[in-house]
């Protein structure tokens with residue numbers, strides 16, 4: 001195990017806030033002296049089926065804790081997810097069934113162990129202890145928090161001022177998440193800066209129930225592809241860690257230049273010296289290096305090389321690779337382009353197809369198609385491009401239904 005000051009130097013890279021930092025230093029020193037690893041908690045509510053780069057920021061930091069010899073404790077919030085985290089919500093979050101949550105959790109854990117060391121991760125479901133709380137236990141838990149303290153939360157106070165409904169069950173969420181820390185005796189809890197209130201509630205609850213309080217270890221929120229809001233699947237500004245390498249590379253190339261420094265810091269393992277050297281060069285080359293690092297991290301160096309080559313041929317040199325995904329059409333090759341895009345799921349809906357065409361975002365062999373009413377004649381080998389990153393090669397089927 002590295003000396004405490006060396007551990008702290010590694011752990012502080014990219015961190016937003018440690019509350020309180022002096023307590024973390026003491027805990028690291030005690031761990032070094034006694035040989036007892038710190039128990040570092042990360043709670044996740046599997047409300048969706050995929051993990052994106054924004055959530056991976058916290059997971060990658062948790063992996064650093066593992067590599068330094070500490071115990072990662074991953075809490076799957078199967079019970080808290082049925083309540084719904086009210087953080088940063090301007091309305092009550094729809095409640096999920098326990099079955100929905102556990103189905104999402106199966107996909108989550110598969111993806112999580114692309115980052116965490118599975119053999120060094122303690123995985124717990126919080127229904128294990130929360131389902132054991134009877135009414136008396138819930139009342140005792142609720143007695144540890146005042147309504148005034150709850151209304152200190154920006155999301156609750158804003159909704160209260162606006163007259164928007166706040167469900168009583170939403171007040172239970174931070175308390176139940178806090179009780180997770182008590183149940184597993186957490187020394188440190190990790191999360192994004194938006195989880196500050198919840199994590200500090202855990203610290204308060206541990207203290208009131210006679211445990212040594214945890215340290216809050218908060219990571220910045222990764223800004224998404226739009227360059228404005230935090231990365232979120234619901235906002236559509238995300239990159240999933242299991243996405244196709246070409247799609248992952250292309251999406252990274254679409255981010256504003258202003259995000260590159262923070263993305264290098266939070267999404268790659270490059271040293272700060274190397275980051276500065278790359279960012280001092282040409283912005284296009286810097287962004288391609290960023291995209292390569294991200295693809296290589298989740299898919300391997302070879303896939304990173306292939307994704308870069310694909311991007312350069314397709315987007316920079318305007319060459320259409322032979323290995324583009326194929327769309328097979330019948331021998332009668334006259335078709336509505338709106339129908340073709342919609343049926344083959346190149347767009348989410350007919351209205352999106354019409355919108356993209358009117359914006360000049362749909363091309364056939366490099367020629368823009370702007371009239372959605374136009375009936376086009378497609379030939380075998382034609383390339384249909386939609387937006388910045390999607391393209392397919394047309395294959396015309398013979399009379400037996402096979403592509404020629």
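The values are calculated or read from the model by the stated rules, or taken from the named source; none is laboratory data. Keep in mind that this is a model prediction, so the values were computed, not measured. Because the Cβ atoms are built from the backbone with ideal geometry, glycine has one as well, and the counts that use them run over all protein chains shown.
Table for the structure above
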| quantity | calculated |
| --- | --- |
| Unique residue being buried (at least 19 other Cβ atoms within 10 Å of the Cβ), closer than 23 Å to residue 28 by Cα, in contact (Cβ under 8 Å) with a residue 12 or more places away in the chain and out of contact with any strand residue (DSSP E or B) (no Cβ under 9 Å at 6 or more places or on another chain) when the list is 218, 225, 205 | 205 |
| Helices (runs of 4 or more DSSP H) fully within segment 1-105 counting 3 or more residues that are at pLDDT 95 or above, over 18 Å from the mean Cα position of the chain (by Cα) and closer than 20 Å to residue 122 by Cβ | 21-34, 53-67 |
| Residue identified as within 15 Å of residue 325 (Cα to Cα) and either modelled with pLDDT of 85 or more or not in a loop (DSSP other than H, G, I, E, B) (or both) among 393, 355 | 393 |
| Residues satisfying the stated conditions in segment 148-163, i.e. touching a helix residue (DSSP H, G or I) at 6+ places or on another chain (Cβ under 8 Å) and free of Cβ contacts under 8 Å to residues at least 24 places away in the same chain | 151 |
| Candidates 266, 270, filtered to the one that is in contact with a strand residue (DSSP E or B) (Cβ under 8 Å, 6 or more places away or on another chain), within 18 Å of residue 12 (Cα to Cα) and outside the structural domain of residue 96 (by TED's automatic domain parsing) | 266 |
| Hits in segment 115-140 - residues which are assigned to a loop (DSSP other than H, G, I, E, B) and either surrounded by 15 or more Cβ atoms within 10 Å (Cβ to Cβ) or not assigned by TED's automatic domain parsing to the domain that holds residue 46 (or both) | 115, 116, 126, 133 |
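Let's see how each residue does on (1) in a helix (DSSP H, G or I); (2) closer than 28 Å to residue 383 by Cβ; (3) at pLDDT 95 or above; (4) in the same structural domain as residue 388 (by TED's automatic domain parsing):
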| position | (1), (2), (3), (4) |
| --- | --- |
| 274 | yes, no, yes, no |
| 278 | yes, no, yes, no |
| 284 | yes, yes, no, no |
| 289 | yes, yes, yes, no |
| 292 | yes, yes, yes, no |
| 298 | yes, yes, yes, no |
| 304 | yes, yes, yes, no |
| 310 | yes, yes, no, no |
| 321 | no, yes, no, no |
